[in-house]
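Take a look at the structure set out below.
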Amino acid sequence: MQKIIDIHTHVFNLNYLPIRGVLQAHGVPKKAAKILEIILLKLTNSSYFEDKSNYDYKFLLDDTIPNFSQSLLDLSDKDVCRDLIERAVLHPDIGSNVKIRVALESLNFDDFESSSLFQNKWYIDLQDANLNFTVGNDRWLVSKLAYLIDKFMSGFYHLKWFRFMMRSEKYIYNNLIQNYDNIGLFIFHMMDADKFFHGKRKHSATAGFSIDYKIEKMQKLIKHSEGKLIGFVPFNPKRKDGLKLVVEALKFDGFKGVKFYPPLGYRATLNPNNTIEKRIDKFFKYCETNNVPVFTHCTPTGFEAVPKVSGLNSDPYYWEQLLKTYPDLILCLGHAGGVEGWFDPFEENQLFPREIDANGNDILTYAEKVYNLCISYKNVYCEVAFLDHVHNTEQKKNFKKRLKYLLELQTPNYLFKNKIMYGSDFHILFNHGIQYNYHDQYLEILKDIALQELIDKFFFKNAEAYLKI
């Protein structure tokens with residue numbers, strides 16, 4: 001069996017995200033986002049690392065069934081909305097919550113019509129036989145919740161991912177190892193998105209769990225995994241004590257590195273905010289000095305605080321500038337720059353596709369920039385998580401041709417075959433339903449006789465070099 005290290009996974013749930021801010025970033029009116037956050041977090045389980053009984057309700061989707069994840073994928077968005085409504089109404093801390101009822105009554109539902117997110121006009125029929133609500137005093141509540149959740153969730157791209165993340169940390173971890181039972185080690189990355197999404201005050205939205213509690217919970221999950229998990233703690237430059245939190249967390253043996261996430265609203269360097277810039281510079285100086293691996297998101301999009309804007313902070317250009325100051329920094333560029341470039345048609349006279357700007361200059365893809373950094377710096381790596389084009393037969397052929405050619409090139413400094421690694425980005429893959437066979441796609445590619453020398457390096461040796469394990 002092929003030894004595999006998955007360098008890029010997640011095991012957090014909705015308690016770890018600033019839900020209200022995320023919803024507002026996707027166009028949900030402020031008051032509605034606040035109510036939805038309360039409801040979603042009350043419906044989200046949390047592991048206590050001991051057995052706890054669940055509410056004994058007959059929901060549309062039974063979380064306890066072994067194939068919960070696949071059953072969720074098989075449902076329509078409409079059925080997932082119904083599931084959320086039924087859970088909310090029957091949950092003892094929601095259905096009887098006076099504050100939620102008052103808040104729902106005060107909502108101006110006309111606000112929803114102004115957002116392009118809420119253009120789906122189907123409504124849930126409260127007389128539908130599939131909805132076994134008590135009709136008496138709950139009819140009004142059901143009506144309001146149905147409208148609110150339907151208006152938000154219907155057509156929301158991350159709907160099933162949100163629903164999956166209402167499970168506990170331990171459930172998500174168990175789902176991870178069940179779906180990838182032939183993978184020996186998982187590296188998970190934490191998120192600290194507090195203060196980047198808009199809340200009641202600018203940049204005030206926070207997660208359900210504090211950062212200290214998140215770290216504590218993940219330490220317990222690492223111990224629970226008995227050697228299957230290694231964690232990367234998050235660095236948040238909006239926190240005055242952001243570096244101190246990282247230093248303290250890394251004292252725990254199960255944490256081996258740090259997650260740096262530019263789409264939240266910051267860059268590796270050249271930040272316009274001088275305070276943020278100084279904190280980030282101090283952070284990278286610490287990481288280089290102490291040989292701490294850094295993992296960063298590196299595509300033009302992602303979990304953006306400002307959709308279609310802040311993702312551009314991930315441009316490898318900023319890492320190129322930073323590495324001039326910290327050339328020995330241990331760095332992995334997540335997603336290898338993204339699908340653009342890696343899966344486009346391949347021509348030997350042009351390794352990666354390029355466009356020309358108005359001044360006649362080449363516009364390099366993130367993929368080409370990532371490749372150049374990997375072969376130019378000793379400690380710079382990349383990984384292939386969530387490059388979902390690998391499931392397209394023709395695009396997979398393009399990737400294989402490009403990979404073969406790049407591995408044969410005699411580079412002046414460092415060989416690319418020693419820099420590329422496997423990663424999945426579980427559970428972000430979930431909404432696409434491709435998490436079950438993601439690594440198999442790469443196993444198939446590397447079985448080509450011209451690529452077989454890369455198999456061990458790609459699946460575990462390069463990861464071991466990056467992690468220094």
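The values are calculated or read from the model by the stated rules, or taken from the named source; none is laboratory data. A quick note: this is a predicted structure, and the numbers were derived from the prediction, not measured. When we count neighbours, we look across all protein chains shown, and the Cβ atoms used for this are built from the backbone with ideal geometry, even at glycine. In case anyone asks, the SASA skips ligands and DNA or RNA and just uses the protein heavy atoms, side chains included. Shrake-Rupley method; radii C 1.70, N 1.55, O 1.52, S 1.80 Å.
For region 447-466, the candidate set comprises residues that are buried (at least 21 other Cβ atoms within 10 Å of the Cβ) and of a type in the set (A, V, I, L, M, F, W, C); within that set, the residue that is nearest to LEU407 (Cα to Cα) is LEU454. When the residues of region 404-422 are filtered to those that are open to solvent by less than 30 Å² (accessible area, probe 1.4 Å) and of a type in the set (Ser, Thr, Tyr), which remaining residue is farthest from the chain's Cα centre (by Cα)? Out of the qualifying residues, it is THR411.
Among the residues of region 317-365, those that are among the aromatic types (Phe, Trp, Tyr) and either open to solvent by less than 10 Å² (accessible area, probe 1.4 Å) or modelled with pLDDT under 95 (or both) comprise TRP319, TRP342, PHE343, PHE346, PHE352. Scanning region 366-386 for residues that are farther than 21 Å from LEU467 by Cβ and either among the acidic types (Asp, Glu) or surrounded by 24 or more Cβ atoms within 10 Å (Cβ to Cβ) (or both) returns TYR366, ALA367, GLU368, TYR371. Taken over region 423-445, the residue count meeting the criterion of being within 20 Å of ARG402 (Cβ to Cβ), at pLDDT below 95 and open to solvent by less than 10 Å² (accessible area, probe 1.4 Å) is 4.
Would you check which residues across region 214-254 are free of Cβ contacts under 8 Å to residues at least 60 places away in the same chain, open to solvent by less than 10 Å² (accessible area, probe 1.4 Å) and of a type in the set (A, V, I, L, M, F, W, C) and list them? VAL233, PHE235, VAL246, ALA249, listed by residue number. Step by step: first the residues of region 255-273, then only those that are open to solvent by 40 Å² or more (accessible area, probe 1.4 Å) and in contact with a helix residue (DSSP H, G or I) (Cβ under 9 Å, 6 or more places away or on another chain), then the one that is nearest to ASP212 (Cα to Cα). Which residue is that? In this case the residue turns out to be LYS256. Candidates LEU454, LEU387, LEU446, LEU407: the one that is within 21 Å of LYS160 (Cβ to Cβ), in contact with a helix residue (DSSP H, G or I) (Cβ under 6 Å, 6 or more places away or on another chain) and of a type outside the set (S, T, N, Q) is LEU387. Within region 1-24, the set of residues being assigned to a loop (DSSP other than H, G, I, E, B) and either of a type in the set (A, V, I, L, M, F, W, C) or in contact with a Pro (Cβ under 7 Å, 6 or more places away or on another chain) (or both) comprises MET1, ILE4, VAL11, PHE12, LEU17. Given VAL142, VAL102, VAL89, VAL80, which one is among the β-branched types (Val, Ile, Thr), in a helix (DSSP H, G or I), open to solvent by 70 Å² or more (accessible area, probe 1.4 Å) and at pLDDT 65 or above? Answer to the check: VAL102. Selection of region 289-298 for residues being open to solvent by 20 Å² or more (accessible area, probe 1.4 Å) and part of a loop (DSSP other than H, G, I, E, B) yields ASN290, ASN291.
For LYS308, the criteria (1) under 24 Å from ASP192 (Cα atoms); (2) under 22 Å from the mean Cα position of the chain (by Cα); (3) open to solvent by less than 60 Å² (accessible area, probe 1.4 Å) hold in every case but one, which is (3). Being modelled with pLDDT of 95 or more, touching a helix residue (DSSP H, G or I) at 6+ places or on another chain (Cβ under 7 Å), of a type in the set (Phe, Trp, Tyr) and open to solvent by 40 Å² or more (accessible area, probe 1.4 Å) is a description that applies to TYR286. Answer yes or no: is there a residue in region 64-75 that is open to solvent by less than 10 Å² (accessible area, probe 1.4 Å) and at pLDDT below 85. There is at least one residue in region 64-75 that is open to solvent by less than 10 Å² (accessible area, probe 1.4 Å) and at pLDDT below 85.
Selection over region 160-184 of residues that are assigned to a helix (DSSP H, G or I), within 19 Å of the chain's Cα centre (by Cα) and farther than 20 Å from LYS31 by Cα gives a count of 14. Within region 335-353, residues that are in contact (Cβ under 8 Å) with a residue 24 or more places away in the chain reach partners that are among the aliphatic types (A, V, I, L, M) and assigned to a loop (DSSP other than H, G, I, E, B) with beta carbons closer than 6 Å, at six or more positions or on different chains, in the pairs HIS335/ALA385; ALA336/VAL384; VAL339/LEU387. Counting just the residues of region 147-167 that are open to solvent by 10 Å² or more (accessible area, probe 1.4 Å) and out of contact with any Asp or Glu (no Cβ under 9 Å at 6 or more places or on another chain), which one comes out nearest to THR44 (Cα to Cα)? The qualifying residue nearest to THR44 (Cα to Cα) is TRP161.
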